[in-house]
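The next block holds one structure in the form of structure tokens; read it before the comments.
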Amino acid sequence: MRNLVLLLCWVLLGAGMLSPAMADEASHRASAERFLRLANAEGMTAPVYAQVSRLINAQFSQLGGSLQYEAVLRQYQQEARQILDRELAWEAIRDELIDLYLPLFSEEEFDQLAEFYQSPAGRKLMQHLPQLTRDSMAISRVRVEERVEPHIQQLLEQMAEDVEARQQGLR
């Protein structure tokens with residue numbers, strides 16, 4: 001039996017139907033997908049669903065929608081969910097995400113990442129990462145608004161004065 005399997009593999013290799021490169025590529029892709037699933041890539045689009053729902057609710061309210069027209073709101077929310085499901089479902093974006101990660105990590109590195117994400121520390125990171133990301137972005141946004149924007153605004157004003165002074169000097 002073992003000889004039959006070896007013969008079949010040899011024939012397929014010779015016919016170009018099976019190659020180590022193809023097997024390596026498939027294995028690499030499988031490792032990437034495993035990592036992405038452990039990293040909760042399937043759930044990364046959840047905030048988009050919430051954002052679209054808020055957008056539709058706000059537009060409905062702006063249009064004067066009331067409870068008597070709630071069926072209209074529900075209809076459009078359902079249609080939006082169908083669009084999001086079609087365009088953002090894991091099955092729809094899986095290959096693009098895998099292609100994004102493949103050049104960055106070897107199969108061995110994906111396996112190491114997967115091992116980490118399965119560890120207690122990795123699971124804890126995944127549990128808290130969305131909130132940590134939101135809080136980090138909030139810190140950056142506040143710092144930009146309070147500390148960076150005033151300096152940039154001052155630079156822009158100085159630049160405008162400098163350009164205006166030079167233009168007046170040319171006249």
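The values are calculated or read from the model by the stated rules, or taken from the named source; none is laboratory data. None of these values were measured; they are calculated from a predicted model. Backbone-built Cβ (ideal geometry, glycine too); neighbour counts: all protein chains shown. For accessibility, only protein heavy atoms count, side chains too; no ligands or nucleic acids. Shrake-Rupley method; radii C 1.70, N 1.55, O 1.52, S 1.80 Å.
What FRET efficiency comes out for the pair Tyr69/Gln131, r = Cβ-Cβ distance, R0 = 41 Å, nearest 0.05?
Details: r = 36 Å, r/R0 = 0.87.
Computed FRET efficiency for Tyr69 and Gln131: 0.70.
Using 0.36 nm times the number of residues separating Glu145 and Leu100, minus their current alpha carbon distance, what extension gain do you get? Present the calculation step by step, with values, prior to reporting the outcome.
On the way: separation 45, 0.36 × 45 = 16.20 nm, distance 3.23 nm.
This chain segment gains 13.0 nm when fully extended.
Per-residue accessible area for Ser27 at 1.4 Å probe radius, Å² rounded to 10?
Surface open to solvent at Ser27 totals about 40 Å².
Taking 0.36 nm per residue of separation and subtracting the Cα-Cα distance, what length does fully extending Met44 through Gln153 add?
Values: separation 109, 0.36 × 109 = 39.24 nm, distance 3.53 nm.
Extra length available between Met44 and Gln153 comes to 35.7 nm.
Kindly rank 92-99, 81-88 from highest to lowest mean number of other beta carbons found within 10 Å of each residue. Show your work: numbers first, answer last.
Values: 92-99: 14.0, 81-88: 12.5.
By packing density, highest mean first, the sequence is 92-99, 81-88.
Just the accessible area per residue of the chain, please: how many Å² with a 1.4 Å probe? Don't skip to the end; give the middle numbers.
Numbers: 13390 Å² over 171 residues.
Solvent-accessible surface per residue comes out at 78 Å².
Compute the relative contact order of the chain as a whole-number percentage, counting only Cα pairs closer than 8 Å that sit 6 or more residues apart in sequence. Walk me through the numbers before you get to the answer.
Working: 51 pairs, mean separation 51.8, N = 171.
The normalised contact order for the chain reaches 30 percent.
For helix 107-118, report the angle its Cα long axis makes with the longest principal axis of the Cα atoms of the chain; keep it between 0 and 90° and round to the nearest 10°.
Tilt relative to the chain: about 70 degrees.
Quick one, which of (1) 16.7; (2) 13.9; (3) 22.6 is the actual mean projected area of the Cα convex hull in nm² calculated for this model?
Correct label is (3).
Decide, for region 64-157, between rounded, prolate and oblate: order the square roots of the alpha carbon gyration tensor eigenvalues as a ≥ b ≥ c, take rounded if a/c falls under 1.5, and otherwise choose prolate if a/b is larger than b/c, else oblate.
Details: a/c = 2.05, a/b = 1.07, b/c = 1.92.
It is oblate, given that a/c is not under 1.5 and a/b is not larger than b/c.
When the solvent-accessible surface of protein heavy atoms is calculated with a 1.4 angstrom probe, in what order do Phe105, Phe35 fall, highest first? Each step should come with its number before you reach the end.
Values: Phe105 65, Phe35 10 Å².
The most accessible residue leads, giving Phe105, Phe35.
Leaving out ligands, DNA and RNA, and with a 1.4 Å probe, what % of the accessible surface on the chain is carbon or sulfur? Mind dumping the intermediate values first?
Details: 7870 of 13390 Å².
So the carbon and sulfur contribution to the accessible surface is 59 percent.
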